[in-house]
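Since the structure comes first, as structure tokens, the remarks are kept for the end.
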Amino acid sequence: MGKTYNIAVIPGDGTGPEVVAEGITVIDGVYNDIADTAGFEAECRQGLEFGFDGKTLIHPSQIEACNAGFAPTEEEVSRARAVIAAAQERGITAE
């Protein structure tokens with residue numbers, strides 16, 4: 001695992017794309033109302049839209065929704081596999 005940085009990323013200020021371009025993992029903050037599942041799921045979706053890689057959790061009940069919110073869809077996985085296969089067929093590799 002790489003270095004850990006504590007930085008403030010404000011959605012829409014241009015910091016997010018710059019951080020991602022540097023290969024830094026960006027984790028969204030906590031959602032305190034553990035009884036509000038719908039609100040938590042909405043915040044996970046928003047975090048993904050803002051470019052966050054994951055979310056900080058404070059309760060085990062949040063794990064499933066967080067994983068579902070940040071995991072790639074089957075379509076995204078299939079597309080990525082197709083891109084990798086096409087590159088390998090052409091002798092293109094990545095390190």
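The values are calculated or read from the model by the stated rules, or taken from the named source; none is laboratory data. Computed from a predicted model, the values in this text were never measured in an experiment. We place every Cβ from the backbone using ideal geometry, glycine too, and count neighbours over all the protein chains shown.
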Exercise. Looking at the range 70-91, is at least one residue more than 13 Å from the chain's Cα centre (by Cα), under 15 Å from VAL26 (Cα atoms) and not in a helix (DSSP H, G or I)?
Worked result: no
Only one of GLU43, GLU76 is at pLDDT below 95 and in contact with a Lys or Arg (Cβ under 9 Å, 6 or more places away or on another chain), namely GLU43
Checked the range 47-66 for anything surrounded by fewer than 14 Cβ atoms within 10 Å (Cβ to Cβ) and within 18 Å of ASP33 (Cα to Cα); matches are THR56, ILE58, HIS59, PRO60, SER61, ILE63, GLU64
